[in-house]
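Notes for the one structure printed next.
The values are calculated or read from the model by the stated rules, or taken from the named source; none is laboratory data. All of these numbers come straight from a predicted model, not from anything done at the bench. Here the Cβ is made from the backbone with ideal geometry for all residues, glycine too, and neighbour counts use every protein chain on show. Note: accessible area is taken over every heavy atom of the protein model, side chains too, but ligands, DNA and RNA are not part of it. Shrake-Rupley method; radii C 1.70, N 1.55, O 1.52, S 1.80 Å.
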Amino acid sequence: MGSIQTELSLLQKAPLFPPDPIFGLTKQYLADGSPNKILLGGGTYRDEKGQPWVLPSVGLAEEAVRGSGHEHLPIAGLQSFRDRAAELILHGTQALKGGRIASCQSLSGTGALFLAGAALREIDPSPRDLLLTSPTWANHKRIFESLGFVVKDLPYYKNQRFDLDSYLGALDSSRPGSIVILHACAHNPTGCDPTREQWKRIAAVVEAKSLFPIFDSAYLGFKSGDVDADSWAIRYFVEDLGLEAGICVSFSKNMGLYGERIGLVAFVTRDSSLTQNVVTVLERVQRATVSTPPLYGAKLVSTILGTSEIKSQWEKDIITMSSRILAVRQKLHQRLLELQTPGDWSHIIAQEGMFSYLGLSPTQVAHIRDEYHIYMLGSSRIALTGLNDGNLEYVAQCVDKAVRQIE
Ligand code: LMR
């Protein structure tokens, strides 16, 4: 009987996958009993006391939406949220004025990327390459491979800087019609973005090769404190060049709404007659995956963006977060210089956004975790948000010791 059961078991074929590199690290950190432990892993904001921060603007929106019910949303999400989120990024553009935005509420940035990919597969299921930067956010490859794309890695980073020539060369050798994922700002994990002039050169290749750009826009506001400045590349592609594009937006980071899973996928079409078709494609893939999206986060974002006093508070909140990150970035760099830690650390202050890509070896990263209980990704990406005046000195000292002692 037992052996028949075993033979019939489908589940016995289930592989044991390794933990997720980002959430698995948080689990390891939580299990660590050391009083000195510090988590610099996942990209979540922490205040100067190391605590999660409910943005004052979010607090105001919570009061405004209290008691407003729990009915289903339409499949494509809350209309006022979709309109205001699209307006936030594309205000003043011909695409918005001309009804060329096909949008759908998503489960944050991951959900937006998934819906974008699934919609493009639905529109054209023929085999298609999807181009990522190397390195990139750990989840990109998995999302797009799961949708059946042939994922290609394009070199992006060399000598602790963005490697424009290699990236452009690889882009130029890619298959025409490929989909290319572009990090709108604050490249994850390197923190190295193209300059505006470099974006123009990237866009010229995208246009010449008829590539389809999808902007992963998870960190708008975190780079400069200003959403408009951080979404410049998106507007350059769709407004100045008039290209079709996908835009995947997350409000996890810039509104601190991580657990609410609130985001937007928007396609900019060439012609307004296509917009409704694309919305129906998005609705079709949404219905088959999450049915209808969650309500609470959509109401909060819609309220923040649609109420001028709360929106002004949010603009201040973004500056609070981005300037704290900038300050710890500068302090960490300064301390490593003062400690005369071997190496050139100028990349730390050249990078932008929530992360610093320190450039430590995997052995140094493992040593820092095992000896000093400081948790960073294996690539030595740290979330600067985990640093504060209470722990920065300890982290700098430990990095210094590891660099001196370990290869
Ligand atoms: C990160 O890169 O740490 C964040 O985007 C969190 C996540 O979902 O991986």
For region 36-75 the trypsin sites (Lys or Arg not before Pro) that pass both the DSSP coil test and the at-most-13 other-Cβ-within-10 Å test are LYS49, ARG66
Whole-Hz Karplus couplings 3J(HN,Hα) for region 65-82, θ = phi - 60° and coefficients 6.51, -1.76, 1.60, Gly and Pro as x, run 9, 4, x, 8, x, 9, 5, 4, 7, x, 4, 7, x, 6, 4, 5, 5, 4
If amide H atoms are modeled at 1.01 Å from N in the peptide plane, then the residues at a separation of 5 or more from LEU154, or on another chain, having amide H under 5 Å from its own are LEU132, THR133, SER134
antiparallel share of DSSP beta bridges within region 74-306, to nearest 5, in %, is 45 percent
GNM of the chain, Cα pairs under 10 angstrom: of LEU241, LEU220, LEU25, the biggest fluctuation goes to LEU241
Note on region 74-306: contact order normalised by length, alpha-carbon pairs under 8 Å, 6 or more apart, percent, works out to 32 percent
Partner lysines whose C-alpha sits under 17 Å from that of LYS49, ignoring same-chain residues fewer than 8 away, are LYS37, LYS331
Heavy-atom accessible area per residue of region 237-374, all protein chains kept, 1.4 Å probe, expressed in Å², is 40 Å²
Between ARG381 and residues 5 or more places away or on another chain, the pairs with built amide H atoms under 5 Å apart involve LEU358
Restricting to lysines and to Cα separations under 17 Å from LYS311, and discarding same-chain partners fewer than 8 apart, the set is LYS253, LYS299
For the chain, the percent of accessible surface on carbon and sulfur atoms (probe 1.4 angstrom, ligands and nucleic acids excluded) is 53 percent
Any trypsin sites (Lys or Arg not before Pro) in region 195-274 that lie in a DSSP loop and have at most 15 other Cβ atoms within 10 Å would be ARG270
Using a 1.4 Å probe on heavy atoms of the protein chains only, the accessible area for LEU358 in Å², nearest 10, reads 10 Å²
Per the Kirkwood formula over distinct C-alpha pairs, the hydrodynamic radius of region 42-83 in angstrom is 13.2 Å
Taking a straight Cα-to-Cα line shorter than 13 Å from LYS97, and setting aside same-chain aspartates and glutamates fewer than 8 residues away, one finds ASP83, GLU87, GLU239, ASP271
Once phi for every residue in region 116-133 is put through the Karplus expression 6.51 cos²θ - 1.76 cosθ + 1.60 (θ = phi - 60°), the whole-Hz ³J(HN,Hα) values, with Gly and Pro written as x, are 4, x, 5, 5, 5, 5, 5, 5, 9, x, 5, x, 8, 7, 10, 9, 10, 7
